[in-house]
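The values are calculated or read from the model by the stated rules, or taken from the named source; none is laboratory data. This is a predicted model, so every value here is computed, not measured. When we count neighbours, we look across all protein chains shown, and the Cβ atoms used for this are built from the backbone with ideal geometry, even at glycine.
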């Protein structure tokens with residue numbers, strides 16, 4: 001007799017309406033057009049910057065060089081190097097150091113070209129072959145090309161959205177069509193891994209780049225400035241700069257000071273190594289008031305390069321903002337590693353049965369899900385990143401209170417975050433204390449028991465086991481389901497079986513012993529997929545009075561029933 | 001257009017490790033690029049869906065109508081089961097490519113003639129024993 005079982009599932013949407021497709025198309029068209037426009041702008045700029053590398057070289061003479069004020073508070077300084085050159089018997093004059101804008105908020109950066117091109121010196125400039133009056137002294141790499149991936153994301157979202165809206169569903173138009181589930185395995189696994197890998201690499205690149213600018217460079221400056229030499233300096237000007245941004249007005253204290261080293265006078269406006277030189281009005285105003293023009297002060301000068309100096313080489317809380325991109329970097333590295341790992345896991349195990357057979361007969365020393373050092377490091381990093389980020393805002397709130405202008409909304413908003421931060425610090429100490437606990441050793445035989453067979457677990461401890469006054473070991477099976485809600489990933493667990501192996505307060509039983517348990521055969525074996533799993537584990541709980549308990553979870557594998565038991569010959 | 005999977009056992013339930021065999025039949029409007037018969041499991045429930053094709057049989061450039069006998073050996077696991085969070089089901093699918101027209105047959109792969117029900121298992125089921133004492137080494 002033959003059996004035909006109809007699926008009856010026709011979950012496929014019958015077809016999207018033209019109006020719906022039109023709305024989706026308009027929505028994604030905005031992304032596509034905006035992304036395309038910015039992509040074209042960036043590529044065009046990169047091409048023009050690259051073209052300079054192919055302009056012909058011409059000898060030139062520097063007439064004058066220095067720094068001029070631009071009148072723009074955001075980038076108030078610009079290098080000015082006037083040079084002349086001759087082409088086809090005619091003299092030309094230019095003042096461009098590089099193609100495009102070279103203005104800067106840093107006086108030091110604006111001054112550097114004039115140091116390289118003193119008046120009267122000979123140099124080589126590059127002349128635009130189409131416009132002989134257009135010449136530059138230096139070429140720049142087209143770094144701007146590196147950011148082209150940002151608008152390309154919009155292009156991908158827009159283009160992909162429009163494609164998805166109009167894509168013909170396989171089999172659409174045929175009524176009561178069954179949607180293929182297995183096709184998702186063909187299409188989905190590779191695609192999701194590629195998306196995860198792309199996102200991981202993107203987060204790693206962005207987090208890494210920001211970490212360099214916000215953490216590594218400032219930290220390197222702080223460390224190197226320790227050996228810099230103190231010099232007397234004079235404040236030349238102290239200006240409160242302000243400019244409009246998307247979030248309102250930004251303020252920066254621009255303190256221009258001069259100092260003399262070996263008879264040469266240098267000018268700089270570097271106050272510190274903080275990457276965040278701009279901020280609120282009150283803070284910037286306080287700095288300007290503190291450094292009045294004409295006042296004497298001290299600065300710290302690099303003995304190897306007197307052009308480098310700083311007014312304040314001390315650590316300040318603003319530097320902690322450099323910890324923020326670390327979270328992106330860690331997330332990116334984690335996502336990248338996960339995508340590689342899932343790729344490896346998706347490769348079918350050739351000798352799965354052989355592997356099972358091997359550990360089925362053996363004893364197995366179980367390893368806890370995390371060692372004490374890993375727990376301390378993990379908790380420490382989490383607490384450091386959390387509190388590092390929170391401390392920036394706490395500092396801002398404290399500054400407001402200190403100057404008599406408290407930001408109450410910010411202060412109240414911060415309270416729960418600060419409490420979590422304190423709990424995390426407490427967690428670090430708890431984990432450190434727990435690391436001094438006796439270390440359990442748990443051995444099971446067989447190494448991977450089958451359903452319906454007996455499991456023997458042997459336990460012992462290293463360390464002062466007498467501190468444990470109660471011991472409980474439980475064999476537990478639970479479902480583990482991972483799902484996305486919005487942009488967050490959640491994992492739910494639900495135990496479906498819990499078998500006590502030991503529950504004792506006897507000192508000699510706690511120290512060392514063994515227990516047997518029969519695993520029911522009418523339950524589920526271990527199962528591990530990308531998002532769903534059935535996990536078997538032994539949980540050991542050793543209670544210690546007035547001290548963190550010993551608490552370890554040891555994952556183990558429970559195999560399906562043996563073939564011989566299911567299909568006796 | 002017809003896609004059909006005929007299974008040569010008169011039951012939906014199969015033991016792990018057993019063979020599942022039958023005949024795949026197709027009668028399409030035009031010759032497809034390929035037809036594929038896939039033995040797979042998939043999850044449903046709270047977690048994001050996992051799907052894994054365990055065995056497949058691909059017939060390239062077939063005629064618009066045809067049939068092919070098949071025999072797949074089922075693995076020892078995973079079992080069909082249903083819990084509080086996860087349901088795992090087995091199925092056979094016959095898919096015409098590239099259009100994706102599909103016929104599916106549900107299977108139960110378990111040691112008993114029904115999926116394993118995890119929520120029905122209580123704490124400490126009968127049959128387990130505990131021995132406490134020094135290990136015999």
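Looking at residue A:373 and the list (1) surrounded by fewer than 16 Cβ atoms within 10 Å (Cβ to Cβ); (2) without any contact (Cβ under 8 Å) to a residue 60 or more places away in the chain; (3) in a helix (DSSP H, G or I), which single condition is not satisfied? Only one criterion in (1) surrounded by fewer than 16 Cβ atoms within 10 Å (Cβ to Cβ); (2) without any contact (Cβ under 8 Å) to a residue 60 or more places away in the chain; (3) in a helix (DSSP H, G or I) is unmet by residue A:373, namely (2). Of the strands (runs of 3 or more DSSP E) entirely within the stretch A:493-569, those holding at least 2 residues that are under 41 Å from the mean Cα position of the chain (by Cα) occupy A:532-544, A:550-556. Checked across the stretch A:208-227, the condition of being in contact with a strand residue (DSSP E or B) (Cβ under 7 Å, 6 or more places away or on another chain), more than 24 Å from residue A:321 (Cβ to Cβ) and not in a helix (DSSP H, G or I) holds for no residue. The residues of the stretch A:426-439 that are in a loop (DSSP other than H, G, I, E, B) and either more than 41 Å from the chain's Cα centre (by Cα) or surrounded by 16 or more Cβ atoms within 10 Å (Cβ to Cβ) (or both), listed by number, are A:437, A:438. Taken over the stretch B:16-47, residues that are more than 16 Å from residue B:59 (Cα to Cα), crowded, with 18+ Cβ neighbours inside 10 Å and facing chain A (nearest Cβ under 10 Å) amount to 9. A count restricted to the stretch A:523-534 and to residues that are facing chain B (nearest Cβ under 7 Å) and touching a residue at least 40 places away in the same chain (Cβ under 8 Å) stands at 6.
As a summary of the residue check, residue A:485 satisfies the conditions (1) crowded, with 21+ Cβ neighbours inside 10 Å; (2) within 12 Å of another protein chain (Cβ to nearest Cβ) except for the one numbered (1). Of all residues in the stretch B:115-124, those satisfying the criterion of being within 24 Å of residue A:563 (Cβ to Cβ), part of a loop (DSSP other than H, G, I, E, B) and either at pLDDT below 90 or within 7 Å of chain A (Cβ to nearest Cβ) (or both) are B:118, B:121. Looking only at the stretch A:387-404, decide whether some residue is without any contact (Cβ under 8 Å) to a residue 12 or more places away in the chain and under 25 Å from the mean Cα position of the chain (by Cα). No, the stretch A:387-404 has no match at all.
Tell me, please, whether a residue that is buried (at least 17 other Cβ atoms within 10 Å of the Cβ) and touching a helix residue (DSSP H, G or I) at 6+ places or on another chain (Cβ under 6 Å) can be found in the stretch A:459-468. Checked the stretch A:459-468: at least one residue is buried (at least 17 other Cβ atoms within 10 Å of the Cβ) and touching a helix residue (DSSP H, G or I) at 6+ places or on another chain (Cβ under 6 Å).
Yes/no per residue for (1) part of a helix (DSSP H, G or I); (2) within 13 Å of another protein chain (Cβ to nearest Cβ):
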residue	(1), (2)
A:396	yes, no
A:406	no, no
A:441	no, yes
A:455	no, yes
A:476	no, yes
A:491	no, yes
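Okay, residues lined up against (1) modelled with pLDDT under 85; (2) under 30 Å from residue A:318 (Cβ atoms); (3) part of a helix (DSSP H, G or I):
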residue: A:350; (1), (2), (3): yes, no, no
residue: A:353; (1), (2), (3): yes, no, yes
residue: A:356; (1), (2), (3): yes, no, yes
residue: A:359; (1), (2), (3): yes, no, yes
residue: A:368; (1), (2), (3): yes, no, no
residue: A:378; (1), (2), (3): no, yes, yes
residue: A:382; (1), (2), (3): no, yes, yes
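For the stretch A:535-550, state whether one or more residues are in contact with a strand residue (DSSP E or B) (Cβ under 6 Å, 6 or more places away or on another chain) and at the interface with chain B (Cβ under 7 Å from one of its Cβ atoms). For the stretch A:535-550, residues in contact with a strand residue (DSSP E or B) (Cβ under 6 Å, 6 or more places away or on another chain) and at the interface with chain B (Cβ under 7 Å from one of its Cβ atoms): absent.
Residues in the stretch A:505-518 that are more than 8 Å from chain B (Cβ to nearest Cβ) and touching a strand residue (DSSP E or B) at 6+ places or on another chain (Cβ under 6 Å): A:505, A:510. The numbered conditions (1) over 30 Å from residue A:205 (Cα atoms); (2) in a loop (DSSP other than H, G, I, E, B) are all true for residue A:275 except (1). Scanning the stretch A:551-566 for residues that are within 15 Å of residue A:495 (Cβ to Cβ) and within 14 Å of chain B (Cβ to nearest Cβ) gives a single hit, A:558. In the stretch A:135-142 there is no residue that is in contact with a strand residue (DSSP E or B) (Cβ under 9 Å, 6 or more places away or on another chain), surrounded by fewer than 16 Cβ atoms within 10 Å (Cβ to Cβ) and assigned to a strand (DSSP E or B). Restricting the stretch B:92-114 to residues that are more than 7 Å from chain A (Cβ to nearest Cβ) and closer than 14 Å to residue B:38 by Cα leaves a set whose member that is surrounded by the fewest Cβ atoms within 10 Å (Cβ to Cβ) is B:97. Reported count of residues in the stretch A:278-292, each being in a loop (DSSP other than H, G, I, E, B) and more than 17 Å from residue A:234 (Cβ to Cβ), is 2. Remark: residue B:84 matches the filter, which requires a residue to be at pLDDT 90 or above, assigned to a loop (DSSP other than H, G, I, E, B) and either surrounded by 15 or more Cβ atoms within 10 Å (Cβ to Cβ) or within 7 Å of chain A (Cβ to nearest Cβ) (or both).
Okay, residues lined up against (1) in contact with a helix residue (DSSP H, G or I) (Cβ under 6 Å, 6 or more places away or on another chain); (2) touching a residue at least 40 places away in the same chain (Cβ under 8 Å); (3) more than 24 Å from residue A:340 (Cα to Cα); (4) surrounded by 15 or more Cβ atoms within 10 Å (Cβ to Cβ):
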residue: A:181; (1), (2), (3), (4): no, no, yes, yes
residue: A:185; (1), (2), (3), (4): no, no, no, yes
residue: A:198; (1), (2), (3), (4): no, no, no, yes
residue: A:204; (1), (2), (3), (4): yes, yes, no, yes
residue: A:208; (1), (2), (3), (4): yes, yes, no, yes
residue: A:218; (1), (2), (3), (4): yes, yes, yes, yes
residue: A:224; (1), (2), (3), (4): no, yes, yes, yes
residue: A:227; (1), (2), (3), (4): no, yes, yes, no
residue: A:240; (1), (2), (3), (4): yes, yes, yes, yes
